[in-house]
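Worksheet: the structure to be examined is printed underneath.
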Amino acid sequence: MTAPPFLEAKVQIALFSAKPYDREFFAAAAEGSPHEVRFVEATLSADTAPLAEGADAVCIFVNDRCDAAAANALADLGVKAIALRCAGFNNVDLDAAQDRGLAVVRVPAYSPHAVAEHTLGLILCLNRRIHRAYNRVREHNFALSGLLGFDLYGKTCGVVGTGAIGTCVVQILRGFGCRVLAVDPKQNPDALAAGAEYVDLPRLLAESDVITLNCPLNDATLRLIDADALAAMKPGVMLVNVSRGAVVDHAAVLAGLKSGKIGSLALDVYEEEEVFFRDVSDETLADDQLARLLTFPNVLVTGHQAFFTREALTAIAETTLANLSDVEAGRDCPNRVSK
Ligand code: NAD
């Protein structure tokens, strides 16, 4: 007998890599919805896929690995959909997912403001050495030496990538009174309206006091900031990366820091982000390059937190469930990922 609609079982979602904040925002979004979210702390892999037993869909994040073996294991369990609660989908084997009939959906945009505001937070903190001042005054050291910054007003800032996030960065920088140069294969009318001047990359590199990377990782941007790019920059340049780690050649950047070519560096993303989103304070950091970067007083690293605002997490949870509703109903989903 078919149960009346109000008694029908809810759609079961196994959410991997669950953190306390995922529980909070997904539980709120699922309230009153036809979805029931089960939170799994483990990261998804072929080994942990059996934890999705009984689920109709899995929800995964950037460090989960849905390779062919994991996709096969999920499909064998009867899972029908993989919902990424992020924009990137490089961690999903799309061929394997398609072969096994698994729908893949993602959240392409949640809050460009969150990421853009963090970008500015990094620039301001690094420039005025607020990270150093914070620690210093707690030890009752109120000396100013080592904290000297520069006026952002009137400086030239280079924005690489003027999509949703980069355009917000342009708008905020213009509010500070900066001249903004931009590089993007596609000019954005909103960035132009905000006062960005589109130039080629060599000119942006040569003229910018601050360079912020807000582009996606693709064939053209892989190691875009390498030794040659650094050589073309102004001495003492501030470099900020909130895009993807591999846009930067970190070995070249380390050399640039040692030589003083790079005046300061802020990273919210890194190439090997295995330690990100985890507390490994009791362990030895195995990544020598990251460990070395963390020794510089003029380097500020945040662990992929630019997106991390209430508004963004609400949008991520709501969009993820809406994506799954589309898949379940057989509707076209604008956020479906295909090869
Ligand atoms: P978007 O798609 O709106 O914009 C990306 C822009 O980059 C587009 O205008 C595109 O034309 C441009 N671009 C592509 N190739 C380029 C190149 N070779 N040089 C310069 N520009 C190029 O994306 P978005 O929402 O603005 O996000 C941008 C990137 O920010 C994402 O791809 C992601 O890597 C990163 N991101 C980071 C976080 C974080 O928490 N740190 C959060 C979200 C997004």
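Points to keep in mind about this one:
- Taken over the range 178-187, the criterion of being near the ligand (Cβ under 6 Å from one of its atoms) and more than 14 Å from residue 211 (Cα to Cα) is satisfied by 185, 186.
- Residues located in the range 284-331, provided they are within 14 Å of the ligand (Cβ to nearest atom) and over 19 Å from residue 126 (Cβ atoms): 307, 309, 311, 312, 313, 315, 316, 319
- Of everything listed in (1) within 23 Å of residue 149 (Cβ to Cβ); (2) in contact with a helix residue (DSSP H, G or I) (Cβ under 6 Å, 6 or more places away or on another chain), the single unmet condition for residue 211 is (2).
- Residue satisfying all of: in the range 230-268; more than 26 Å from residue 146 (Cα to Cα) and buried (at least 20 other Cβ atoms within 10 Å of the Cβ); farthest from the ligand (Cβ to nearest atom) among these: 249
- Matching residues in the range 128-157 - criterion: being assigned to a loop (DSSP other than H, G, I, E, B) and in contact with a Gly (Cβ under 7 Å, 6 or more places away or on another chain): 128, 129, 153, 154
- For the range 158-177, the set of residues classified as touching a residue at least 40 places away in the same chain (Cβ under 8 Å), within 13 Å of the ligand (Cβ to nearest atom), crowded, with 24+ Cβ neighbours inside 10 Å and assigned to a helix (DSSP H, G or I) consists of 165, 166, 167, 168, 169, listed by residue number.
- Any hit, the range 258-266, residues being under 15 Å from the mean Cα position of the chain (by Cα), modelled with pLDDT of 95 or more and closer than 20 Å to residue 223 by Cα: yes
- Entry remark, the range 230-280: residues being touching a residue at least 60 places away in the same chain (Cβ under 8 Å) and among the acidic types (Asp, Glu) number 3 in total.
- Of all residues in the range 76-115 being touching a Phe, Trp or Tyr at 6+ places or on another chain (Cβ under 7 Å) and modelled with pLDDT of 95 or more, the one that is nearest to the ligand (Cβ to nearest atom): 115
- Filter result for residue 57 (crowded, with 21+ Cβ neighbours inside 10 Å, among the small types (Gly, Ala, Ser), under 22 Å from residue 9 (Cα atoms) and away from the ligand (no atom under 16 Å from the Cβ)): yes
- Applying the set (1) under 19 Å from residue 215 (Cβ atoms); (2) in a loop (DSSP other than H, G, I, E, B); (3) β-branched (Val, Ile, Thr) to residue 240 leaves exactly one unmet item: (2).
- Taken as a whole, the range 200-218 holds at least one residue that is surrounded by fewer than 21 Cβ atoms within 10 Å (Cβ to Cβ), under 16 Å from residue 174 (Cβ atoms), away from the ligand (no atom under 11 Å from the Cβ) and over 23 Å from the mean Cα position of the chain (by Cα).
- Counting only strands (runs of 3 or more DSSP E) that sit wholly inside the range 22-113, those with at least 1 residues that are of a type outside the set (A, V, I, L, M) are 35-39, 57-60.
- The one condition in (1) at pLDDT 95 or above; (2) more than 23 Å from residue 303 (Cβ to Cβ); (3) not in a helix (DSSP H, G or I) that residue 219 fails to fulfil: (1)
- In the range 188-198, the residue that is farthest from the ligand (Cβ to nearest atom) out of those that are assigned to a helix (DSSP H, G or I) and out of contact with any Lys or Arg (no Cβ under 7 Å at 6 or more places or on another chain) is 193.
The values are calculated or read from the model by the stated rules, or taken from the named source; none is laboratory data. As the structure is a prediction and not an experimental result, all values here were calculated from the model. Note that each Cβ is placed from the backbone with ideal geometry, even for glycine, and that neighbours are counted across all protein chains shown.
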